[in-house]
Amino acid sequence: MLTISGDLLDRIIRAAEDALPHECCGLLAGRAGAAPGETVVTRVVPSANVSEAKREDSFEVDPQVRFDLMRALEGTDERIVGHYHSHPGGPAEPSTTDLKMAYETDLIWVIVSVKDGRAADVRAHGVADDRSAFHPIVLNRAD
Ligand SMILES: [Zn+2]
């Protein structure tokens, strides 16, 4: 389960809508929650989409943003727990390209479906240890 406050979730949704027609992307910092297997998002850190492919259907988080965030988290109980990106005109499910890019099996993927200029759906996904598939993770909006 991935728990995220309404405020932080709204920031992801707004970023997805503002990035149109491109995909937005960014990192999620968090910590272990009280429930078994629960991760709580503590920070949403937007990044420029530095993908060299078409940014309409691909994304890449700026390595500098990741480096800066890792620095900022040093000495805290937070770590990078995942990232988010949007699918303009597509579902909140990982694409085949996403699976190819899923190198880090400990990261949670949050994907926003954007339809007609508005965020239509937000879902969280985990990566199988052998990187063969994604599986759904319950997204728990805590207000
Ligand atoms: Zn994608």
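Each reported figure results from applying straightforward, stated rules to the coordinates on display, with no laboratory input. In this text, all values refer to a predicted model and were calculated from it rather than measured experimentally. A quick note on method: Cβ atoms are made from the backbone with ideal geometry, for glycine too, and the neighbour counts reach across all protein chains shown.
Note on the range 2-142: along the principal axes its Cα atoms extend 38, 33, 29 Å, ordered by decreasing extent.
Neighbours of residue 68, meaning other residues whose beta-carbon lies under 13 angstrom from its beta-carbon, give a summed charge of +1 when Lys and Arg score +1 and Asp and Glu score -1. Modelled this way, with points 7 Å down the Cα-to-C-beta line, the labels at residue 74 and residue 20 are 4.1 nm from one another. Under a 5 Å amide H cut-off, with hydrogens placed 1.01 Å from N, residue 140 pairs with 2, 3, 4 among residues at least 5 apart or on other chains. When the chymotrypsin sites (Phe, Trp or Tyr not before Pro) in the range 50-143 are filtered for DSSP coil states and for at most 12 other beta-carbon atoms within 10 Å of their beta-carbon, the remaining sites are 103.
Between helix 63-73 and the chain there is an angle of about 20 degrees, using the helix long axis and the longest principal axis of the Cα atoms.
Note on the chain: helix-only mean residue ellipticity at 222 nm, from DSSP H runs of 4+ residues weighted -39500 (n - 2.57) and normalised by residue number, equals -6000 deg cm²/dmol. The long axis of helix 6-18 is offset from the longest Cα principal axis of the chain by roughly 20 degrees. Counting neighbouring beta carbons within 10 Å and listing from fewest to most, the residues 86, 47, 95 come out as 95, 47, 86. Sequence-distant contacts, meaning Cα pairs under 8 Å at least 6 residues apart, place the relative contact order of the chain at 27 percent.
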